[in-house]
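Here, each number is a calculation from the coordinates, and none is a lab measurement. As the structure is a prediction and not an experimental result, all values here were calculated from the model. Reconstructed Cβ throughout: ideal geometry from the backbone, glycine too, with neighbour counts over all protein chains shown.
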Amino acid sequence: MGERDAGRDDREAIGRRVQRLRAERGMTQRQLAEPAYTPAYISTLEAGRVRPSDEALRHLAGRLGVGYEELATGRPAGLATDLRLRLTEAYRTLAAGGAEPAARQYAELLAEAEDHGLAEERATALLGLGECAVETGELTAGRRHFERAEACLTEAGAPLPARVPALRGRALTHYLAGELRYAVYLLESTLDELNRAGLHDPDALLLLYASVIGPYMDMGAHARAAQAAELALALAPRVAEPALVARMHRSVARTLLAEGRLAEADASLAKAAELYRGLRLRTELANCHWMRGYVCAQNGELPRAEDEMREALGILSDTRAALYRSQVAVELADVLHRRGKSDEAAALLREVLDDLSSERGAVHAAGAHRLLGIIAEDARDTDTAEEHYVRALSLLERAGAAGDLADLCRLLGDLLRRTGRVEAALDAYRTGLGHRTTPGTTTLGPAPAPPPL
């Protein structure tokens with residue numbers, strides 16, 4: 001097929017379309033053909049035995065009262081533009097916290113894009129459905145949508161930077177499911193491919209570097225997280241998308257927290273919150289309140305930490321972002337426990353564990369068990385405490401969260417030692433030391449090649 005025929009249907013489809021439109025308008029083949037063509041040519045064309053030229057299609061479109069594009073492809077004029085506008089509306093619905101209504105909008109738009117063979121709009125709708133599924137905690141469904149979006153873009157010949165949002169979505173679902181190492185592999189391999197091929201797209205790189213910070217931190221790979229944060233900050237001035245810059249500020253705050261730079265972390269989160277507020281991205285705004293609460297807790301400002309986290313929890317409850325809500329609830333329970341409200345904290349954690357599992361939010365499910373173990377120890381219920389610690393250990397080992405594993409082994413070892421099981425305690429301490437001496441920075445392989453900044 002020649003370049004000028006790209007996007008045009010085959011001759012049989014065009015012939016059927018011409019015949020249908022002519023019949024709907026009550027025209028004869030002679031009336032349609034005159035004055036430039038013959039009835040015999042129209043008959044041959046409608047039978048699908050000849051491919052009309054662009055000139056012939058424009059003549060027929062004018063006689064039939066339709067646009068050239070609609071006659072050539074079957075798509076109404078302006079359809080792609082209309083779909084893009086409606087995809088933007090669906091994004092706004094999702095940003096305002098309406099994951100379920102947004103999913104319905106995206107599903108309708110996906111069906112239209114598929115009917116008319118619009119690959120880019122189909123991929124955008126699939127990405128939207130993936131984001132909706134992540135918001136509501138349906139990680140398997142979300143992963144399928146992201147995989148379909150990536151396949152759609154690959155089939156359409158889209159370059160790697162255009163496929164990055166789908167790849168990042170896949171990595172996010174693995175990360176939230178507790179598969180930290182595979183999430184890092186996906187993000188790092190994509191970064192390597194972009195940088196080594198010279199595809200230095202600022203938006204794509206910023207999205208990937210901001211996304212890899214969380215998995216790095218949970219794996220104990222703090223040096224790599226800090227490097228990713230530095231690169232993200234250097235890329236930010238080149239990026240025009242405010243939501244992307246805001247997400248970067250939120251992710252960078254995690255590395256600043258790990259380095260004890262609390263004031264800088266708070267400032268970074270304030271920038272992110274301001275951008276999200278202006279964009280009316282409620283889930284992302286909730287995440288900023290969550291992390292600001294964490295900053296306050298680290299700084300010993302527990303009443304303010306509780307206020308910030310309750311604000312985040314309220315927003316996420318309104319938006320039905322189930323998985324994120326569960327994660328914030330674990331952090332809030334920690335603050336409540338530290339404020340002497342252990343009964344309220346335990347009740348919140350038990351509610352959270354109904355929503356989390358080893359396949360869905362493993363790291364935070366482990367966090368909930370860890371905190372329930374501490375609460376049980378405070379109440380001198382050592383059997384229950386040990387049970388929660390062991391469950392947490394199993395979840396973290398499966399997820400590969402090295403930093404959290406080391407701390408949990410210390411807690412379990414202390415408990416075993418206090419109850420007279422010295423050999424078992426030593427085993428727990430040795431396991432914890434093993435995780436401390438083999439952090440993620442030495443087990444992930446070479447770091448991805450950085451972009452030329």
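Observations
- The magnitude of the dipole of the chain, with charges of +1 and -1 set on the Cβ of Lys/Arg and Asp/Glu and taken from the Cα centre, is near 780 debye.
- Loop-resident sites, region 359-432, for GluC sites (Glu not before Pro), counting at most 14 other Cβ within 10 Å (DSSP): E359
- Global geometry of region 79-158, whether rounded, prolate or oblate, following the gyration tensor of its Cα atoms and the 1.5 cut on a/c: oblate
- At least 18 Å along the helix axis (C-alpha) and Kyte average at least 0.5, DSSP helices within the chain: 202-219, 222-235, 242-258, 362-378
- Likely footprinting exposure, S317, S342, S268, fewest C-beta neighbours within 10 Å first: S317, S342, S268
- For volume of the Cα convex hull per residue in Å³, the value calculated from this model appears in (1) 177; (2) 143; (3) 158 under label (3).
- Computed label-point distance, nm, for sites E344 and E274 using a 7 Å Cα→Cβ extension: 3.2
- Note on T140, T73: ascending count of other Cβ atoms within 10 Å places them as T140, T73, the fewest first.
- Volume in Å³ per residue [convex hull over Cα atoms, computed for region 3-73]: 72
- Counting beta carbons within 10 Å around each of I375, I14 and listing the fewest first gives the order I375, I14.
- Burial ranking of peptide ranges 324-333, 222-231 (average Cβ count within 10 Å, highest at the top): 324-333, 222-231
- Only Lys, Arg (+1) and Asp, Glu (-1) charged, at Cβ; region 3-73 dipole about Cα centre in debye: 280
- Cα-projected label distance for R418 with T140, points at 7 Å along beta-carbon direction, nm: 4.0
- Mean-position separation - Cα centroids, region 22-97 and region 215-273, in angstrom: 50
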